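The values are calculated or read from the model by the stated rules, or taken from the named source; none is laboratory data. Small disclaimer: the values here were computed from a predicted structure and weren't measured. Using ideal geometry, Cβ is built from the backbone for each residue, glycine included, and neighbour counts are taken over all protein chains shown. Accessible surface areas use protein heavy atoms only, side chains included; no ligands, DNA or RNA. Shrake-Rupley method; radii C 1.70, N 1.55, O 1.52, S 1.80 Å.
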Amino acid sequence: MAIILTENEIIGHGAVRTHQIYNALDCLITREVADTLLPLVEADPLDKRMYEFQLAQQAPAFAMAMRGIAISEEARAEAIKMQEMVEKEAIVYLQPLVAPWWNETEKRTGKCQDGKLHKWPKSLETSGEEGKATPAGRICSTCGCTDTMPKPFNPHSHVQCRKLLYELMGLKPQKNKSHKVSTDDECLDRLRRKFPDHGEVVEGILAARGARKQLGLLRATLDNDGRWRSSVNVGAAVTGRYSSSKSAFWTGGNIQNVADRSRGMFVADPGLVLFYADYEKAESEVVAYDAQDTNYIAAHGLGKDL
């Protein structure tokens, strides 16, 4: 006798059976969507052609996901080293940009230039000639520096970013998709457009974060055979292009997001060659023919800069 279960009733059947029920429901929902959409696809020749084309791409996409790509560990290590420098430079570049607003300080650490420990007065009140106090703090009697120093701004800290942008700079707080005040990339992009006078600061934060994301991508976990694997997604993007993400086993990552300067770590298997091909002005020519603009079409054959 068949038992009809809903999503709310899958708990309490044991781990294995619960897993089977969950996956069965997943398949049934997919089937229900297919039963609804396929008649619509079949009714339109163009939709049917596009559907069959994308369906035919599933096999090669799955083959690419399973095969993965070989990695040169030496080139990868060098790419990581270079990317660490890029991130460091992005953070250093940002400091003078935020200096007019960023006022946090921290305790000075380390030693004097001669390698000896700093000598601080016991308190601000008991300072003699070698223990002068300033608004910035106590002064070392050996090297003359204060016991506090400017705290570097950390663009990776959402707490510091909120304080800088919304409190110190007075920009209008932006909310994310959860309707919470945020400084995620989408909110920062909005700030850049709304407050162009402060665009350089916002762009500096985005650049530092982008460098950190790229570094995380380069450090992605490889499979046991040393290959980088990605899930290759057909038809996921609105434009119809492939997209990619981590593999089904959470290794690798979005290979399409690896910066050009780091792609030398991907190497061809023995007997094969990696190459890059691109049709010159292809998209522009499609637009020209789609618009049926004869002058625009003719310009493509004249070698003009379009």
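Odds and ends about this structure:
- Cross-link partners for Lys88 among the lysines, with Cα-Cα distance under 25 Å and sequence neighbours closer than 8 places in the same chain left out: Lys107, Lys111, Lys151, Lys163, Lys213.
- Nearest-ten-degree value, helix 282-291 long axis tilted from longest Cα axis of the chain: 60
- Solvent-accessible surface ranking, highest first, for Val86, Val287 at 1.4 angstrom: Val287, Val86
- Between helix 45-56 and the chain there is an angle of about 70 degrees, using the helix long axis and the longest principal axis of the Cα atoms.
- Between helix 73-98 and the chain there is an angle of about 50 degrees, using the helix long axis and the longest principal axis of the Cα atoms.
- Whichever lysines have a C-alpha closer than 19 Å to that of Lys281, once near sequence neighbours (fewer than 8 apart) are set aside: Lys304
- The chain: C-alpha gyration tensor shape, a/c 1.5 cut-off, then a/b vs b/c: prolate
- Across the accessible surface of segment 36-88, with the other protein chains kept in place and a 1.4 Å probe, carbon and sulfur atoms take up 66 percent.
- Using a 4.7 Å Cβ-Cβ cutoff, the cysteines of the chain lacking any partner cysteine are Cys27, Cys140, Cys145, Cys161, Cys187.
- Anchor Lys122: aspartates and glutamates whose Cα lies under 17 Å away (excluding residues fewer than 8 positions away in-chain): Glu130, Asp147
- Average accessible surface area per residue within the chain, 1.4 Å rolling probe, Å²: 70
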